[in-house]
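A quick write-up on the structure given underneath.
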Amino acid sequence: MTGDFCPINRIEELITEGNYETIFNDFLPVLKNSSLALTNLECPLTESGQNINKIGPSLKASPHVAHALSFAGFNLLTLANNHIMDFGNEGLESTMNACEENGIDCIGAGNGLEAARRIFYKSIGNYKVAILNFTENEYSTTSGDYPGANPLDLIENFKDIKEAKENADHVLVIVHGGHEMFNLPSPRIKKTYRFFADAGANAVIGHHTHCFSGYEVYRGTPIFYSLGNFIFDYPQRHGLEWNSGYAVEFKVNAKLDFRIIPYVQCTDLPMVQLMDVNAKIKFEKAIKKLNEIIADDSQLSAEFDNYCQKVKRLYLSYIEPHSFVLLHYLRNRKVFPSLLSNKKKLLLLNLMRCESHRDVISTLLDNRKVHG
């Protein structure tokens, strides 16, 4: 299991040149020796130039990326994330076609909700493994007969976990969600992932935050709150958080044993590299601290409140009403136009429907928690 894979900038150049070995470097044996290797494809693979109307960046990469992934040993991609529909139906269709042509399975998105909810089954040795993929609700999710990603919906997710449990020995739930550049789960996320464990998941794996988080073993179920970036070359962001991550390797027996494989990615060199001894020591120290915070509900809540204070000015600017009585009077009589532009409507919609954005907004608007 690896985290967010977004093959842009220097990585896309290497793929165009066919220089795959440079990209995956000493991580290649880890992938090629796996019965099942998967990553989260953080962008559609398409040549389309028509991106959807949304707030935030629209990401894409060439369909040739699927060949690079196949070369590396990946045979399953998770598509339930907030970017897979950045280039609409055409982008999703192009992605799935490119994967099919290269012998790679996809889950987490499809031409409608039923297809997006499809459970992936794989026999490994004497055991059958089921994998499910959900994402928090932003611009990509579907709720009907139109293309999109499988949404976080606790009732429907519960049903799918139960179905998978009836048909497999082990159920792995992969969730795309959380707060970008915050290396801890919110209290809600901790409850949600534990709920999936109580529903029958044998492991829960998260990504989306672009930095690694800690993990816990809850009632025998390992929960990894974020693996961080796997390969995401983004020059504007450099440092321990963006450029470090870890993979999780499961050994499938009567129970799921696991080991963590830390790496650095896209620093001075456009590649993924296993951590050396000194880097591993720092990484293990950081993980231990994160795990201690996750284990303590009061400390985790305090850390999330601190995070909300750091992003307070940004989020309150999103919802600033710019409103007063005279303005309402003039607007109702069509003397003054509405200040709620289509772009503002898109922003507000995303803040309301995305679970992690709501976490922050509700915390900041709670008079018991707001400071000033």
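The values are calculated or read from the model by the stated rules, or taken from the named source; none is laboratory data. Treat the numbers as computed from the prediction; the structure is a model and nothing was measured. All Cβ positions, even for glycine, are placed from backbone atoms using ideal geometry, and neighbour counts span all protein chains on display.
The table below lists the values:
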| read-out | value |
| --- | --- |
| Pick from the range 46-67, criterion within 18 Å of the chain's Cα centre (by Cα) and at pLDDT 95 or above, ranking: farthest from PHE24 (Cα to Cα) | SER58 |
| Residues being in a loop (DSSP other than H, G, I, E, B) and over 18 Å from the mean Cα position of the chain (by Cα) - total across the range 68-85 | 2 |
| LYS60 vs. criteria in contact with a His (Cβ under 9 Å, 6 or more places away or on another chain), more than 30 Å from ARG188 (Cα to Cα), of a type outside the set (A, V, I, L, M, F, W, C) and crowded, with 18+ Cβ neighbours inside 10 Å | yes |
| Given (1) in a helix (DSSP H, G or I); (2) closer than 27 Å to SER356 by Cβ, number of the condition GLU100 does not satisfy | (2) |
| Residue list for the range 138-148, restricted to those being surrounded by 16 or more Cβ atoms within 10 Å (Cβ to Cβ), modelled with pLDDT of 95 or more and part of a loop (DSSP other than H, G, I, E, B) | SER140, THR142, PRO147 |
| Selection status of ALA80, touching a residue at least 12 places away in the same chain (Cβ under 8 Å) and more than 30 Å from LYS343 (Cβ to Cβ) | no |
| Leading residue by the ranking (farthest from THR141 (Cα to Cα)) among those in the range 9-44 that are of a type in the set (A, V, I, L, M, F, W, C) and under 17 Å from the mean Cα position of the chain (by Cα) | ALA37 |
| Cβ pairs under 9 Å, 6+ apart, first in the range 173-196 and buried (at least 23 other Cβ atoms within 10 Å of the Cβ) and at pLDDT below 95, second among the β-branched types (Val, Ile, Thr) and outside any loop (DSSP other than H, G, I, E, B) | none |
| Qualifying residue in the range 221-234 (condition: at negative phi, surrounded by fewer than 21 Cβ atoms within 10 Å (Cβ to Cβ) and at pLDDT below 95) | yes |
| Total residues in the range 11-24, condition closer than 21 Å to LEU79 by Cα and surrounded by fewer than 13 Cβ atoms within 10 Å (Cβ to Cβ) | 0 |
| Pairs with Cβ under 7 Å, 6+ apart, first in the range 345-361 and not assigned by TED's automatic domain parsing to the domain that holds LEU316, second modelled with pLDDT under 90 and surrounded by fewer than 16 Cβ atoms within 10 Å (Cβ to Cβ) | none |
| Any hit, the range 120-129, residues being crowded, with 24+ Cβ neighbours inside 10 Å, of a type in the set (Phe, Trp, Tyr) and outside any helix (DSSP H, G or I) | no |
| LYS251, sole failed condition from (1) under 22 Å from ALA295 (Cβ atoms); (2) surrounded by fewer than 17 Cβ atoms within 10 Å (Cβ to Cβ); (3) in contact with a strand residue (DSSP E or B) (Cβ under 6 Å, 6 or more places away or on another chain) | (1) |
| Only listed residue being part of a strand (DSSP E or B) and either in contact (Cβ under 8 Å) with a residue 60 or more places away in the chain or outside the structural domain of PHE134 (by TED's automatic domain parsing) (or both), chosen from PHE304, PHE230 | PHE230 |
| Residue in the range 307-329 that is modelled with the lowest pLDDT, counting only those that are in a helix (DSSP H, G or I), hydrophobic (A, V, I, L, M, F, W, C) and surrounded by 12 or more Cβ atoms within 10 Å (Cβ to Cβ) | LEU327 |
| Residue match in the range 25-37 (condition: surrounded by fewer than 20 Cβ atoms within 10 Å (Cβ to Cβ), at pLDDT 95 or above and among the aromatic types (Phe, Trp, Tyr)) | no |
